[in-house]
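The values are calculated or read from the model by the stated rules, or taken from the named source; none is laboratory data. If you're wondering where the values come from, they're calculated on a predicted model, not measured in any experiment. Glycine gets a Cβ as well: all are built from the backbone with ideal geometry, and neighbour counts include every protein chain shown. The accessibility values were calculated without ligands, DNA or RNA, using every heavy atom of the protein model including side chains. Shrake-Rupley method; radii C 1.70, N 1.55, O 1.52, S 1.80 Å.
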Amino acid sequence: MFGKKTQQSSDLTSPEGIKRSQQVYDRIKSGECKDVAAELNAAHGRNAKR
């Protein structure tokens, strides 16, 4: 569309995607993660706003 940036989706099932998700999960289990959605979005290069 005009004036909108397209967002390239990352493959969450790739080995790299799984590794990044696992790192966030480990932070959740240890109590270090305060905002799960923000950390997952950052780990996978996604914007929280749509």
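Counting only protein heavy atoms and using a 1.4 Å probe, the accessible area of residue 11 comes to about 90 Å². Applying both filters, DSSP loop and at most 15 other Cβ atoms within 10 Å, to the GluC sites (Glu not before Pro) of the stretch 9-50 gives 32. With the whole protein complex present, residue 27 retains an accessible surface near 80 Å², based on a 1.4 Å probe.
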